[in-house]
1. Can you run down the residue pairs with Cβ atoms below 7 Å, 6 or more apart or on separate chains, where the first is in region A:90-101 and more than 9 Å from chain B (Cβ to nearest Cβ) and farther than 10 Å from B:M124 by Cα and the partner is open to solvent by less than 30 Å² (accessible area, probe 1.4 Å) and assigned to a helix (DSSP H, G or I)?
2. A:S85 passes all but one of (1) of a type in the set (S, T, Y); (2) in contact with a strand residue (DSSP E or B) (Cβ under 8 Å, 6 or more places away or on another chain); (3) open to solvent by 100 Å² or more (accessible area, probe 1.4 Å); which number fails?
3. Could you figure out which of (1) over 29 Å from the mean Cα position of the chain (by Cα); (2) aliphatic (A, V, I, L, M); (3) more than 14 Å from every other protein chain (Cβ to nearest Cβ) isn't true of B:I77?
4. Considering only region A:82-89, I want to know if a residue exists there that is of a type in the set (S, T, N, Q), within 12 Å of chain B (Cβ to nearest Cβ) and part of a helix (DSSP H, G or I).
5. What's the number of the condition A:A38 fails, among (1) surrounded by 11 or more Cβ atoms within 10 Å (Cβ to Cβ); (2) free of Cβ contacts under 8 Å to residues at least 60 places away in the same chain?
6. Filter region B:98-127 down to the residues that are β-branched (V, I, T) and either within 11 Å of chain A (Cβ to nearest Cβ) or in contact with a strand residue (DSSP E or B) (Cβ under 7 Å, 6 or more places away or on another chain) (or both) and list them by number.
7. Considering only region B:38-63, state which residues are of a type in the set (K, R), open to solvent by 80 Å² or more (accessible area, probe 1.4 Å) and within 19 Å of B:M16 (Cα to Cα).
8. Pairs under 8 Å by beta carbon, first residue assigned by TED's automatic domain parsing to the domain that holds B:Q148 and over 17 Å from A:G99 (Cβ atoms) in region B:158-182, partner among the hydrophobic types (A, V, I, L, M, F, W, C) and at pLDDT below 85, six or more apart or different chains?
Amino acid sequence: MLTNLVSSTSAHSVLSLTRQFSQTSISSGKKAWKFNEALLRKKANIGRQIRIQDELDKVDPVLGRADTPFIDRIKAAVVEPSSLSYGYERGDVNNLLYGAQRALIAKRPGYSQEQILRTEERRREIVARILDIKNSSSSIQRKLGIKLAREEFARFPGDSGSSEVQAAIMTMKIHYLTAHMKKNKKDFQNIRRLRMLVQQRQAILRYLKRDNPKRYYWAIEKLGLTDHTVTMEFNLDKRYMEKFKVFGDDVLIRESKSVESKKLRAKTKQKKSLRKALNEKAAQEAEELVEEVEVKESSVESPKSSEATV
Amino acid sequence: MPRQNFVGIVVSQGKMQKTIKVRVQQGEFNKLINKRLLGRKDYLVHDEGEICREGDMVRIEATRPLSRHKSFAVADILKNKGQQYAQFQRDAKTIVAQEEAAKTREFLEKRGEYNSNVVNKSGMINDMLFLDKVSSNPEASAEDLQKQSDLMKKYNLSSWPTTKMFDLDVQVLRAQIQKVQEQVEQHDENNSKVSDKVSEILGDEGKLTAIFEKLGRGNPDKLKANVRKNLVRKYVINELGL
């Protein structure tokens, strides 16, 4: 038995000397390569999903895109000194005031015209102060804003009910109510009204998309909204308020410990990958720089060498 | 055996590579409640060219399994509504940008005009006062007269002192009212003419069948009374050319 064993080992040693097994390492096998490829693909897909979601989440579902020209213009027009409060038009008021002055001159032939003119001018100043939009209440300003928005979205002069007009009116109300909410954190009644308004606007815009898609895309582009903000499920809750910093950096929702630690882990992971990417980029840039320098050096050397040949 | 075939609406696109989500709605008759119940199912579908857009109506066909959750591919785009939407969205961007640029320019011009009026103390009332002064002064300078004619042009006035701006032009208003009145009368007359003719046709069986044959509607008795009347009414309006 012993001899047998000895002979077998000797045979093995002989074999190993004569035949060499080529062995591929586990990490470079076909299966492992495939697995690795799949992992990379999955990683890329997850990254893309996150990017798409981030892009969609950037737009505020309540206020829309920041710097929407339409909203900015209406807000500026409301506090413009040329506009009047109580819904008066400047042309009408001017006509009336001039007519009054003329009537007064005609009625009192005995009075000196200059004095009448002076008193009338003073009266005009008083009227101007009363009708100045800066001295009016916020509700009058809001009404003016709504009127301007309605006129711009109307399908025909006097249109006050088409879907896009309704959406525009709601948008103006939403903007004014949001400003109110920021100042009055505890006005829950108005916060509720705002919440309902936002969802009502979504509903009417969704109807418009079915009814007249061309007009729908025009309206949302003008109001600074996106298709996603209209069609998404949205509730104006504390999570939204915290995300879009309605009350500054206040923490409105306390997460449980497990959720918090999960978030922290995700954040550190993101940071790590970002740092890695930056490092890779820096390394690449450095390599490029080195190459550039080398090319320059060679170009500097070449004329010398050419001189030498000459 | 034919391949499995469904028609559905694209509900999600652009989130996965070469893959869309298609919602298929199918009904099944439930014996227990004696009623057809609708059910929906979402399929992940292969879209090689990535041409489908959200809202398209597509026909999908079974293939060999393409991945763990995907064993269908787009066969036809039946209605390219989603692609239309995408086109509208692209157009809206340029249209709104142009519109906004024009409106902002208008706004700034209006503001500039108002500010210059404030600085120069011009404005409408001052212009009118100036016109008063010049018209009452027989020895006005050429410069003033030139300014006067400019202002008259600006406010679209033919003479000074004017009644046009402050009084109603009663003659013109009367003419307008007269015109509207005539339109209303004409409308009433047309209406009565049409309703007379319609009732006459509905009373006469022969005429009615003749008209329905002409319209290609078959037997008039098979339709509801209101539908029959509506069709005849449309026919009469068309015939009279109103």
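The values are calculated or read from the model by the stated rules, or taken from the named source; none is laboratory data. Predicted, not measured: the structure shown is a model, and the values here were computed from it. We place every Cβ from the backbone using ideal geometry, glycine too, and count neighbours over all the protein chains shown. Side chains are part of the model used for accessible areas, which takes the heavy atoms of the whole protein and leaves out ligands, DNA and RNA. Shrake-Rupley method; radii C 1.70, N 1.55, O 1.52, S 1.80 Å.
1. The qualifying pairs are A:V93/A:L131.
2. (3)
3. All conditions are met except number (1).
4. Looking only at region A:82-89, we keep the residues that are of a type in the set (S, T, N, Q), and these are A:82-83, A:85.
Then keep just the ones that are within 12 Å of chain B (Cβ to nearest Cβ); that gives A:82-83.
Okay, now just the ones that are also part of a helix (DSSP H, G or I), so none.
No, there is no match, as no residue in region A:82-89 is of a type in the set (S, T, N, Q), within 12 Å of chain B (Cβ to nearest Cβ) and part of a helix (DSSP H, G or I).
5. Failing condition for A:A38: (1).
6. Residues satisfying the conditions are B:T104, B:V118, B:I125.
7. Step one: list which residues in region B:38-63 are of a type in the set (K, R), which gives B:40-41, B:53, B:59.
If we keep only those that are open to solvent by 80 Å² or more (accessible area, probe 1.4 Å) as well, we get B:40-41.
Residue satisfying the conditions is B:K41 alone.
8. Here the result reads B:S158/B:M152, each pair linking region B:158-182 to a residue that is among the hydrophobic types (A, V, I, L, M, F, W, C) and at pLDDT below 85.
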